[in-house]
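One structure is given below, encoded as structure tokens.
Just so you know, all these numbers are worked out from the coordinates, no wet-lab data involved. Keep in mind the model is a prediction, meaning the values are calculated, not measured. Reconstructed Cβ throughout: ideal geometry from the backbone, glycine too, with neighbour counts over all protein chains shown.
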Amino acid sequence: MMHEVSQDPLHWRGEVLALNNDNTPHVNALSEQSLDVLIEQAASFRVMVSQDNALSGFVLLLREGQAYESLNYRWFSEAFEEFLYVDRIIIAPPCRGQGVAQALYGHATDLAQAMGIKNLTCEVNLAPPNPRSLAFHHAQGFQEMAQQMTDGGRKRVSLLRKAIDA
């Protein structure tokens, strides 16, 4: 199945919110207001749709310097002067394994290169485990920088970095 970039990502806001919240605990749940704040802060909010006009997936990318309270984002803020942070990337279950995540990460890499940023960063849950995501990120060239506990000790994450050639 073919997937393409939506020219109007805000049109998909309701579906993005539902897909996000259906994927907890791998990502944190969002309210409409918190999603809107993330979109406003984002360096990029990219939405992919299928041929039959269904949401395939999305990515929210943040630059350094945002007023964002995420422990993981703050860790990267302390570790790097400049970075592009994959705050969340979620692929709709029927679209997994069809190249949507690769396309969204291709966009993230291209954006980082265009901005001259050498650090593409993200985190993946180790507890509760998300082995599919961890394997995908390692295959994309991400390497673990550290681990930390979040969510009041209910989650352990692997903090990952991919070096980008500017």
Exercise. Considering only DSSP states other than H, G, I, E and B, which GluC sites (Glu not before Pro) in the range 67-155 qualify as loop sites with at most 11 other Cβ atoms within 10 Å?
Worked result: Glu69, Glu81
Seminar exercise, completed: With the 8 Å Cα cutoff and a minimum separation of six or more residues, the chain has a relative contact order in percent of 18
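For Asp22 and Gln147, what does the FRET efficiency come to when R0 = 30 Å and r is the distance between their Cβ atoms, rounded to the nearest 0.05?
Numbers: r = 26 Å, r/R0 = 0.86.
The calculated FRET efficiency here is 0.70.
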Problem set entry | Overall dimensions of the chain as given by Cα atoms, namely Rg and Dmax in Å | 14.9, 43
Exercise. Residues with amide H under 5 Å of Gly57's amide H, sequence separation 5 or more or different chain, H placed in the peptide plane at 1.01 Å from N; which?
Worked result: Met48, Ala92
Exercise. Can you run phi through the Karplus equation (6.51, -1.76, 1.60; θ = phi - 60°) for the range 18-28 and list ³J(HN,Hα) in whole Hz, with x for Gly and Pro?
Worked result: 5, 4, 4, 6, 6, 10, 6, x, 5, 10, 6
Seminar exercise, completed: Calc'd 3J(HN,Hα), the range 120-131, phi into Karplus 6.51 cos²θ - 1.76 cosθ + 1.60 (θ = phi - 60°), Hz, glycine/Pro = x, comes to 9, 10, 6, 9, 10, 5, 9, 9, x, x, 10, x
Seminar exercise, completed: Rh (Kirkwood, all Cα-Cα pairs) for the range 91-166, Å, reads 13.4
Exercise. Roughly speaking, what is the centre-to-centre gap between the range 29-51 and the range 88-132 when only Cα atoms are used, to the nearest Å?
Worked result: 14
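For the chain, what does -39500 (n - 2.57) per DSSP helix run (n ≥ 4), summed and divided by total residues, give at 222 nm, in deg cm²/dmol to the nearest 500? Walk me through the numbers on the way to the answer.
Values: 5 runs with 54 residues, N = 166.
So the calculated ellipticity at 222 nm is -10000 deg cm²/dmol.
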Seminar exercise, completed: Nearest-0.05 FRET efficiency for Asp52 and Ala127 at R0 = 35 Å, using Cβ-Cβ distance, is 0.45
